[in-house]
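Bear in mind these aren't lab numbers, they're just calculated from the coordinates by the rules spelled out. Keep in mind it's a predicted model, so treat the numbers as computed, not measured. Ideal geometry is used to build each Cβ from the backbone, glycine not excepted, and the neighbour counts take in all protein chains shown.
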Amino acid sequence: MSPTLSSVWRHGSSEAVLARAKSAASSFETVMGLESEAHWLVEQLPDLLVEAKRVSHTVAHGIHGRRRAGPGETFWQFRPFQQGDSAGQIDWRRSAGSDHLFVREQEWEAAHTVWLWADLSPSMDFHSHLTQVTKRARALVLFFAIGELLARGGERVGLLGGAPARLGRNVVQRLVEEIANRHMSASAETSLPPEAHLSRFSECVLVSDFLEPIEDLKESLNRLAGQGVGGHLVQILDPAEETLPYEGRTEFFSLESKETMLANRAEALREAYTERLFEHREALADHARQLDWSFLVHHTDRPGEEVLLALHARLSGRPDDQAGAVTSQHENPMRRTASGGGL
């Protein structure tokens, strides 16, 4: 018997004491489970970070940065003096060695702030036989990859509900450390974004399966949007969660509540299930539109580069045909061929 249970048991053997003992045992198991999960996550983070950098490098190929002249303190370039420029803009030292006048331009420095959040709750630790990638692993890869792209673009990046947003190429490494420390402290991750006070005109990127009750999701998103914050939602689903490709007697169980359900004919549930998933997604997408937020869907059997490219385009404020293709498939999966999902 553990020391925790022994100390409780010595107080008596009444039903109340027994209930406290059971509660202590449950809490002990929960903490032990979180500690085990924390160690697993810390071990996985280096590999996930390598994958994230690979994905971000793939997406960044061919995408030009937004470095240009503007208000700032860093030297950008010399350019010839033009009509309309003031005499105070002329760099006389540079102009002295030439027959022309030159203006010293500064680099535009207007760093934007983007807050990132990835759902790491137990429900994200799922993958079906249709893919070998868990939703949690893909969420972290996208989380780190978009952080890498934003950091390269000179943006401030932070963990929603965490330390202040920062500039610099080592931002992603700091995000890794924050997530690892959060898990090592045995703080349970929830399926909803944490409450946070954000500066107006900043943006947030939320990555989750977004399968919580729609009213809870709306309330959480409204708290963020009500601060004048822009947002981007990325729903990550296993392909089996789209099509319910199971036949015959099947037992389903929850990764969070440990509840189980036995279906004698799983195929008989398919139409009602996919219809309900479709309605849930449409409600979430409609609410995102009302908030003027973007909404993307990604399935774990598809390359992460696809959704990352679309998300990067949304953050950059650029029209993107691929991003449109992602959101155009917000349809009932029963109305298309059940191919195991896809963007």
Near-label residues of the range 220-244 by backbone N, under 17 Å of a point 7 Å along Cα→Cβ of A263 = 238-244
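Any chance you could run the full-extension gain for R152 through S199? It's 0.36 nm times the residue separation minus the Cα-Cα distance, nm to one decimal. Show your work: numbers first, answer last.
Working: separation 47, 0.36 × 47 = 16.92 nm, distance 2.16 nm.
So the chain would gain 14.8 nm between R152 and S199.
Going by how many other Cβ atoms sit within 10 Å of their own, how do M261, M124 line up, fewest first? Could you put the intermediate results ahead of the total?
Working: M261 10, M124 26.
Ordered from fewest to most neighbouring Cβ atoms within 10 Å, M261, M124 come out as M261, M124.
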For labels at E177 and E215 in the simple 7 Å Cα→Cβ model, what's the distance in nm?
-> 4.3 nm
Fewest to most neighbouring Cβ within 10 Å: what's the order for F102, F81?
-> F81, F102
Kindly put D125, D292 in sequence by how many other C-beta atoms sit within 10 Å of each C-beta, fewest to most.
-> D292, D125
Where labels lie 7 Å past Cα in the beta-carbon direction, separation of R93 and R249 in nm | 8.5 nm
For D292 and R79, compute 0.36 nm times the residue count separating them, minus their Cα-Cα distance, and round to one decimal in nm.
-> 72.7 nm
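By how many nm would the segment from S86 to A283 lengthen if fully extended, with 0.36 nm per residue of separation less the alpha-carbon distance? Mind dumping the intermediate values first?
Values: separation 197, 0.36 × 197 = 70.92 nm, distance 5.49 nm.
Contour length minus Cα-Cα distance gives 65.4 nm.
Among 227-240, 154-167, how do they line up from the highest to the lowest mean number of other beta-carbon atoms within 10 Å?
On the way: 227-240: 21.1, 154-167: 17.9.
So the peptides 227-240, 154-167, ranked by packing, come out 227-240, 154-167.
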